[in-house]
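All remarks here apply to the structure that follows.
Any read-out appearing in this document is the output of simple, stated calculations on the displayed coordinates, not a laboratory observation. Since we're looking at a predicted model, the values are computed, not measured. All Cβ positions, glycine included, derive from the backbone under ideal geometry; neighbour counts span all protein chains shown.
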Amino acid sequence: MTHPKLTYLAQGVAALLLLTAATMKFVGDPGSVDLFERLGMEPVGRYGIAITELVAALLLLSPFAALGSVIAVAVMCGAIIAHVTQLGLVVNDDGGRLVAMLVVVLVCSVYVLISRRKQIPFVGDTL
Amino acid sequence: MKSTFAIDLEKMSRTANVGIVVLFLLAGAAGHFASFYFHFLTVAFFLLVLLNVYWRHVQTSHALLANFGWLAQLRYIVESIGPELRQYLFASDTEERPFSRVKRAEVYRKAKGLDATAAFGSLLSYDRTELKLRHSFYPVDEDELEPFDVAIGASRQLDTTYHIRHPIMISAMSYGALGQNAVRALARGAKQAGATMNTGEGGHPKYHLMEGCDLIFQMGTAKFGVRTADGRLDEDKLAALAALDAIKMVEIKLSQGAKPGKGGLLPKEKITPEIAELRGVTMGQDVVSPAHHVECVDAESTVAFIGCVQRVSGLPTGIKFCLGRPDEFRALVQEMKRQGTVPDFITVDGGEGGTGAAPVSFLDEIGLPLFEALPLVHRILLDEGIRDRLAIFASGKLISAGKQLQAMSLGADVAYSARGFLLALGCIQALQCNQNTCPVGITTHQPELQRGLDIATKAQRVANYIEALHHDHVELLAAMGSSSARLLSEENVYAPSQGPVSWPVREPS
């Protein structure tokens, strides 16, 4: 159903985009700050999410990629909730590029999650 | 009677399954109207609900999960950490198998050279369950004891007659089963203590030879290291190996206690270029060890094969087996007498298995236990009048001097141990020998796991263990009033009527 090479590719793409997103949040990119202000999560939420993204990206590049994909999927779900319910799909006049990137990360990490589901701690045996 | 506190699992799980959906909705609402932070919970519950739907309505291989959902998963999680919980927290010091913590601690203590005394009584259930040694009213002085010396091959007046100087030898474990660090630590420890080590059936004993200890070369049914392409004996290769200075004896393995009557399979994935070279097999195809040597199909051909190996190697040569039927063994001994070919030693392996990986049905269900088999073999050899022409080695959980002396009283001349030495190397009984994941780096080939096994330190522990066992031997023998282990007989053993053996024990009169 899934292909090992594609899985590695998906891990790489997801990790790269997550690292970019985490860096933007860490350095206090005005766009990010603005988004988190609108969510009422500035600055604790911004740093918290950045750390979570960083951890997910590093795990995706390690032998624990299954766990990394779970975290990445969770963060992306949260981001989608934010964009759908409060921020809107087009933010800072980017024509939806941020949301598109988010969907790419989500698809990649879901792909990793499915192909590595057996390796998820505790529940992997039953999947 | 129905308990008042009976838990209705079905109702509880229904509540739990609906509950996570409700919690998901609540968290979502809170995230939307109160604080966005609540969406952390929304996401968690969302994923849990998805997973639960999969368990309840998609997958078909786990009935519990299909019926009860995520609550049942808690059971799997708790069950999965059960072995660790039991080993660390709940198992008593005397109940673990194959070796209880008390027995393991005794080996660790010997290996580390620590104080030998304990107080306030034995921790084992002392009464009426285990074999015991009988002591004498008249102990002998320890300096009156004869030094331990068993000559193998003396009855054939071989130039290569080998003298065993320690009552305990390191039993057969191949390079392959063990990693190279473990093999070298064992071999170096044996060298330090002057003890003898069996190579196991892993082919050319490259790592065993590195440390220069005395070796018994074991030839398994696949004859690794000395085989032709079709699995027969390559006489030139055997002669070349036997000519090596370190190789003192040859042991033909007819069967082993872990899987008597069954050959092993070496999967092609595990055949590295090094293994292929040492074992003399080709890469890229599975190697099946046959259940018996191709040369040995009945008593006549088996004895002829023993004679052939004795002739080609020129070394003391013996056989190893786990006893099944005494009548077959008697027929084999009679054939030995008829052909005038007697092996120089016989190794009797207990049926409960050891380091070798084997199907559980074989570990648990087949082969005589050592303390049943040993007196039978001894008795048959005495009956047939060839007991004085060969030595008996015994193996099977003989990790303490007391157990070894019991075996010697019942007919053995020398004891073998494999797992005792693994414990001396630092084995924690993780029971993963067959998975290449040994956490202490003994039965693994992963460099990062072998890293922790320091050869010099562990070799010293092995040597300490051998010397501490020898020390215990001397003390126990003296207490039994016997100047040599050769003089022991079954009158030196007490076998309780509800004990582990069925044979009648003569009460000393």
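Counting only DSSP beta bridges with both residues in chain B, what percent are antiparallel, rounded to the nearest 5?
20 percent
Between B:Ile7 and B:Arg156, what FRET efficiency follows from the Cβ-Cβ distance if R0 is 56 Å, with the result rounded to 0.05?
For B:Ile7 and B:Arg156, the calculated efficiency is 0.15.
Please identify which residues in region B:306-324 have an amide N closer than 18 Å to a label point set 7 Å out from the Cα of B:Glu235, following the Cα→Cβ vector.
B:306-317
Where in region A:80-114 does the amide nitrogen come within less than 19 Å of the point 7 Å from the Cα of A:Leu9, taken along Cα to Cβ?
A:101-114
Be a star and scan region B:141-167 for residues whose amide nitrogen sits under 18 Å from the point 7 Å along the Cα-to-Cβ vector of B:Arg486.
Counting backbone N atoms under 18 Å from the label point, the list is B:143-158, B:161-167.
For labels at B:Arg75 and B:Val360 in the simple 7 Å Cα→Cβ model, what's the distance in nm?
For the pair B:Arg75/B:Val360, the computed spacing is 1.9 nm.
With r defined as the distance between the Cβ atoms of B:Thr94 and B:Asn67 and R0 fixed at 56 Å, what FRET efficiency is calculated, to the nearest 0.05?
0.90
Which value in nm describes the separation of the simple spin-label points at B:Ala119 and B:Val58, placed 7 Å from the Cα toward the beta carbon?
6.4 nm
May I ask for the Rg/Rh ratio of chain B, computed from Cα atoms with Rh as the Kirkwood radius, given to two decimals?
We get a ratio of 1.09 for chain B.
If each DSSP helix of 4+ residues adds -39,500 (n - 2.57) and the sum is divided by the residues in chain B, what number results at 222 nm, nearest 500 deg cm²/dmol? The partial results should precede the final answer.
Numbers: 18 runs with 201 residues, N = 509.
So the helix-based figure for chain B works out to -12000 deg cm²/dmol.
At R0 = 41 Å, how high is the FRET efficiency between A:Lys118 and B:Ala30 if r is their beta carbon distance? Nearest 0.05 is fine.
It comes out at approximately 0.75.
Nearest 10 degrees is fine. How inclined is helix B:370-383 to the longest principal axis of chain B, computing both from alpha carbons?
Once rounded, one gets 20 degrees.
Only loop residues by DSSP count here, and only those with at most 16 other Cβ atoms within 10 Å; note down the trypsin sites (Lys or Arg not before Pro) in region B:225-259 that meet that.
Those satisfying the criteria are B:Arg232.
If I model a spin label as a point 7 Å beyond the Cα along the Cα-Cβ vector, how far apart are those points for A:Val84 and A:Phe26 in nm?
3.1 nm
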